[in-house]
Amino acid sequence: MSKEISKELIRQIEIISMVLEKRNFYSEDELSDIFSESLPSIRRDFARIRAMGIPIHSARRCLDIDIQKFDVRTLNKLINTYLALNDTEPIKNLKEISNVFGDKTLSVFVKIVKSINARQMIKFEYELDAHGQPIRRTATPFGFFKTNRSFILAGCENDDTGRIRYYLIEKIGNIEFLSRKSGIKDFPSMHDFLSSTWGIYPHGKLEKTELLFDKSCDFLKSRIFINNQEFEDTEEGILFKAEIKISNEFISWILGWGKLVKIIKPLSLRAEVISRAKEIISANK
């Protein structure tokens, strides 16, 4: 599959998502009207879709895809391509996501991206209340990002930039795409929002941080953990410098290095790590 995301390729993925969601529903003429394209153009799209290995065909003038020949690997490529990610990198829990959304899986990703681009709000169920009932939420989505396991949807709950939330895509249920436009004037930027964040959690006090790693950790210099990071070789070891929001996720990452890392600053971070290490020791006596 081409890594160049053209207007035609976007349209072809959207056609696939529509046919998967509503099999034996759309005709060639209807798709021609929906995308404002000529019938020959739409038919060329079908030929290119088949060239991807996707068995799209017409039966009784309505379009269908042989779902038995549409595998998870193909779905992975389509989602990653539509989101302009590396289409060779697998989505590790795509089967779990597919179990939630079924034939609508690709369509859900397509419609969320369209909602982000159009700045339109969505409604969905997410988590349970004290009585075990699904909580119905309204949010303005503004970005997708990928962790080493799943996809995270970033959104402003109730269209409020003071209530930015992250939602695991596989935990979203009964999603509804609204025509209601966001009232936010200065839309959040994913790049700016996450520029000083360790991992996906935006909370924590921003601190100038220095960690001294053992020389055996030289491989760290080839990795990017945060945009503003710097590595410096010293006689004592490898010095890591960055401005970071000190979160539980970051503290847990430091604890995982054990004796291979020493916290230079801030001193408050050193004290917190020591305190948690003592708690771990106490709990395991």
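The values are calculated or read from the model by the stated rules, or taken from the named source; none is laboratory data. Predicted, not measured: the structure shown is a model, and the values here were computed from it. Every residue, glycine among them, receives a Cβ derived from its backbone with ideal geometry; neighbour counts consider all protein chains shown.
Can you name every residue in segment 91-116 that is among the basic types (K, R), closer than 22 Å to M52 by Cα and either loosely packed, with under 13 Cβ neighbours inside 10 Å or under 17 Å from the mean Cα position of the chain (by Cα) (or both)? Matches in segment 91-116: K92, K95, K111.
Among the residues of segment 228-247, which ones are surrounded by 13 or more Cβ atoms within 10 Å (Cβ to Cβ) and not basic (K, R)? Of everything in segment 228-247, those that are surrounded by 13 or more Cβ atoms within 10 Å (Cβ to Cβ) and not basic (K, R) turn out to be Q229, F231, G237, I238, L239, F240, A242, E243, I244, I246, S247.
Could you pull out every one of the helices (runs of 4 or more DSSP H) wholly within segment 1-98 that has 1 or more residues that are closer than 30 Å to K171 by Cβ and among the aromatic types (F, W, Y)?
The helices (runs of 4 or more DSSP H) meeting that bar are 72-82.
Quick check on my filter: what residues within segment 136-171 are among the aliphatic types (A, V, I, L, M) and modelled with pLDDT of 95 or more? Listed by number, the list holds a single entry, A139.
For T88, the requirement of being closer than 25 Å to S150 by Cα, within 21 Å of the chain's Cα centre (by Cα) and modelled with pLDDT of 90 or more is not met. Residues in segment 73-104 that are over 24 Å from E125 (Cβ atoms) and among the aliphatic types (A, V, I, L, M): L78, A84, L85. Of the set (1) modelled with pLDDT under 95; (2) surrounded by 13 or more Cβ atoms within 10 Å (Cβ to Cβ), all apply to D66 but (2).
Of the residues R136, R119, the single one that is on the phi > 0 side of the Ramachandran plot and in contact with a strand residue (DSSP E or B) (Cβ under 7 Å, 6 or more places away or on another chain) is R119. For R119, the conditions (1) surrounded by 13 or more Cβ atoms within 10 Å (Cβ to Cβ); (2) out of contact with any Lys or Arg (no Cβ under 9 Å at 6 or more places or on another chain); (3) over 15 Å from I172 (Cα atoms) all hold with the exception of (2).
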